[in-house]
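Colleague: The structure's right below; bear with me while I get my questions together.
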């Protein structure tokens, strides 16, 4: 099968593609740099394109971090530890991560954990209550929830179960 010859893109064409890439959803600087590396253009042009995208607010790490936190807490059910780790992997500054995580409503976050634990509790198989509690805690911590919060919520759920008996 003959290969199609790929016409190289000009820096202006790459800029247009990158503007669309950034407009589609929030991106961090690292994502944009990685995407720019896939285009066969000189480093000088990559730097100019990145500068343009930053100057024109196509890319903003603060906005990205806040959007990422909202999405992962509300849609994915991630805990703060997992979110922090992934933002650090994306090269987001620690202060921006702290600020974005600070925007999370603690009651909504706690309720999300309760819902996750109640749902998982229905499917966990265990010989004893202790084993079930340990498995639920491990699951919640794997999703990035803080250990102290997980154990606190598990105690409350156990107390609620005992009251309802």
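Here, each number is a calculation from the coordinates, and none is a lab measurement. For clarity, every value in this text was computed on a predicted model and none was experimentally measured. Glycine gets a Cβ as well: all are built from the backbone with ideal geometry, and neighbour counts include every protein chain shown.
Colleague: Residue by residue through the range 63-112, note down the ones that are in a loop (DSSP other than H, G, I, E, B) and over 9 Å from the mean Cα position of the chain (by Cα).
Modeller: Initial filter on the range 63-112 (in a loop (DSSP other than H, G, I, E, B)): 77-79, 90-93, 103-105.
Selection gives 77, 79, 90, 91, 92, 93, 103, 104, 105.
Yes/no matrix, rows are residues, columns are (1) closer than 30 Å to residue 153 by Cβ; (2) buried (at least 16 other Cβ atoms within 10 Å of the Cβ):
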position: 22; (1), (2): no, yes
position: 28; (1), (2): no, yes
position: 51; (1), (2): no, no
position: 63; (1), (2): no, no
position: 68; (1), (2): yes, yes
position: 76; (1), (2): yes, no
position: 108; (1), (2): yes, no
